[in-house]
Amino acid sequence: MFDQIPLDRPETPLLDTVNLPVDLRALEESQLEQLADELRHFLLYTVGQTGGHFGAGLGVVELTVALHYVYDTPADQLVWDVGHQAYPHKILTGRRDQMHTLRKPDGIAPFPVRSESEYDTFGVGHSSTSISAALGMAIATRMKGEKKRAVAIIGDGAMTAGIAFEALNHVADTNADILVILNDNAMSISHNVGGLSKYFARILSSRLYLTMREGSKKILSRIPRAWELARRTEEHMKGMVVPGTLFDELGLNYMGPIDGHDIKTLVQTLQNIKDLKGPQFLHVVTQKGKGYRPAEESPVGTHSLSKIEKTPQSPAPKLPSYANIFGRWLCDMAETDPNLVGITPAMREGSDLIEFSERFPDRYFDVAIAEQHALTLAAGLACEGVKPVVAIYSTFLQRAYDQLIHDIAIQNLDVLFAIDRAGLLEDGPTHSGVFDHSFLRCIPNMIVMAPSDENEARQMLYTGYRFKGPAAVRYPRGSGPGTPLDTEMTELPIGKARWIRHGHSVAILSFGSMLKQAQIVAEQLDASLVDMRFIKPLDESLIQQVALDHDLLVTIEESAIIGGAGSGVNELLMAVEIDTPVLNLGVPDVFMQQNKPDDMLKACALDSLGILAAIQKRLKETDLRQAESRS
């Protein structure tokens, strides 16, 4: 048991001999426990050097070792869900010496990535996709007549999503050779772990039992009443000792629960299951943060870790984050309006809903990892005159796009979306919220706002709350420029921008978080600068006037250029036949890979130097064209 993160690389003599799973499979089974201990120690050290999510990884150390020991990876395919639990997998699959580059440019990705390793069979940053993907692999393997095995490892949180149950429902139909492992570290169904359930797990996965079961099925199925009696007897027996009835009803052969930290039992059970035909379901109970006392005692609070410095520096004064601004506003608003409810798909801490959940528990709904349900739940509430506020990350909103259009926008229901993590994030393309400008502005009935500072965020949330219909406020991760908050909440005029400065020749239209960089450039160029505030509706009269009064319009947004707010400006000017040149700056048509957010902005030319260079280049090109036309 560790009480603190090791600052120096631990001694790991056995782990150092395992460069690939083939080396692991050469070990004696009696050595696996030592290997797991060294792996856990090395994982703690690694995450201390780089920062990252580590609680889930600590919980699956023994399971990871057992899977690679029993299965012939990479021929057999392990499909990890969520990705946070895959750090031990990365260490055992040829990337141990690269783990210090985790989350760094050109380094190891924080999630499984197919282009990074042949052992990463499916790319995953979000959750609940493993069963569907593994089932597709199992069906393809059967079509090609191959003998590979497919294993999906899914956490109990990820199991709450609709896509997981959609996949489970389909599994039995296909009768594919797939093993689903439920890594359960929180669900109430884990209470049966103990000697009796271990015993029955071994029995239910044993070849003798399974052979007898299949043989009896063939014989008794010809006698319907006898078969029905046998089926019900088995079902009731399982229901008494294991919580597997649901999965059996779905057509999977349920086994477990077993202790996910008992490596001997894990290996034995996996060996029993490995060659079974048809869909199998193994329930494994683990402890998140296993082996690191602070993580065991507070698995949520230690879900992720910042890089630990050997010489701690005095922390800089911390500004409130945009999430903090939202959390404070939500509580203030809830005090004045008893019709307000807050909804989140398992992002209580990330969206800063802790205080709200404690002060207003009857109006707080954490629906787990179920984004589609979150939106349709909000729609149902809105139908009855309640005002739902859905706190959701930009990339998670993508998963509920149909519900946004079909259930909320078409019916013009009164729902407010507080969209966090908008813009570029260091975890890379799976978590960077750079598409919401594009996919929100095309939806009728929506209004979409983007604050440039903390006070703007507070006032926009109030404006969106007061608006009768679907409204969204999208804001970045982290803190803003430190603008003081007005205690009084003021409703902003819908679709109206605000002037920041008047200048000459060039006018910059800044959307949301880009205002600070835009101000630096505007000062240097003596350019006009407008904080647009609204992605939709745009301030059409202001845009037209600015276009007529300037030689160049520049739009800047921390979102995709294609279809973004800048595209809206282009569409407007074309519609009214104003031909002032427009330069659109934003995230280019590529998936931006992991890096520090400031460096990602720089790579997109969205820092002040990049913006200035792009404008100067366009002005120079315009001057050259004009000179050529005169000659």
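Each of D275 and D589 was given a label point 7 Å from its Cα along the Cα-to-Cβ line. The distance between the two points is 5.3 nm.
Using 0.36 nm times the number of residues separating E628 and T17, minus their current alpha carbon distance, what extension gain do you get? Gain on stretching E628 to T17: 213.1 nm. Each residue of the stretch 572-580 is assigned a 3J(HN,Hα), and the resulting list reads 4, 5, 5, 5, 9, 6, 9, 9, 4 Hz, derived from the Karplus form 6.51 cos²θ - 1.76 cosθ + 1.60 (θ = phi - 60°), x at Gly and Pro. Residues V576, V180 ordered from highest to lowest accessible area at a 1.4 Å probe: V576, V180.
Backbone amide hydrogens, once placed in the peptide plane, bring I535 within less than 5 Å of V448, M449, A450, excluding anything fewer than 5 places away on its chain.
Using a Förster radius of 60 Å, what is the FRET efficiency between I354 and E523 based on their Cβ-Cβ separation? Nearest 0.05, please. Spell out each step's value before the answer.
Details: r = 40 Å, r/R0 = 0.66.
My answer for the efficiency is 0.90.
Approximating the spin labels as points 7 Å out from Cα along Cα→Cβ, the E335-to-S541 distance works out to 3.7 nm.
For L583, nonlocal amide neighbours, meaning residues 5 or more places apart or on other chains whose placed amide H falls under 5 Å from its own, are L553, V554, T555.
First measure r as the distance between the Cβ atoms of F467 and R114, then evaluate 1/(1 + (r/R0)^6) with R0 = 51 Å and state the FRET efficiency to the nearest 0.05.
Values: r = 43 Å, r/R0 = 0.83.
Rounded to the nearest 0.05, the efficiency is 0.75.
Within 10 Å, count the other beta carbons around each residue, average over each peptide in 449-455, 135-141, and list them highest first.
Working: 449-455: 24.4, 135-141: 19.4.
Final packing ranking: 449-455, 135-141.
Surface calculation, 1.4 Å probe, protein heavy atoms: C383 sits at approximately 80 Å² accessible. Phi angles of the stretch 175-181 translate, via the Karplus equation with coefficients 6.51, -1.76, 1.60 and θ = phi - 60°, into HN-Hα couplings of 6, 6, 7, 9, 10, 9, 10 Hz per residue; Gly and Pro are given as x. In order along the stretch 463-469, phi translates into HN-Hα couplings of 4, x, 5, 6, 5, 8, x Hz, rounded to whole numbers, per the Karplus curve 6.51 cos²θ - 1.76 cosθ + 1.60 with θ = phi - 60° and x for Gly and Pro.
Only protein heavy atoms count here; under a 1.4 Å probe, F435 has an accessible surface of about 70 Å².
The values are calculated or read from the model by the stated rules, or taken from the named source; none is laboratory data. Because the structure is a prediction, the values reported are computed rather than measured. As a convention, Cβ positions derive from the backbone with ideal geometry for all residues, glycine included, and neighbour counts pool all protein chains shown. Each accessible area value is taken on the protein alone, full model and side chains, heavy atoms only, with ligands, DNA and RNA left out. Shrake-Rupley method; radii C 1.70, N 1.55, O 1.52, S 1.80 Å.
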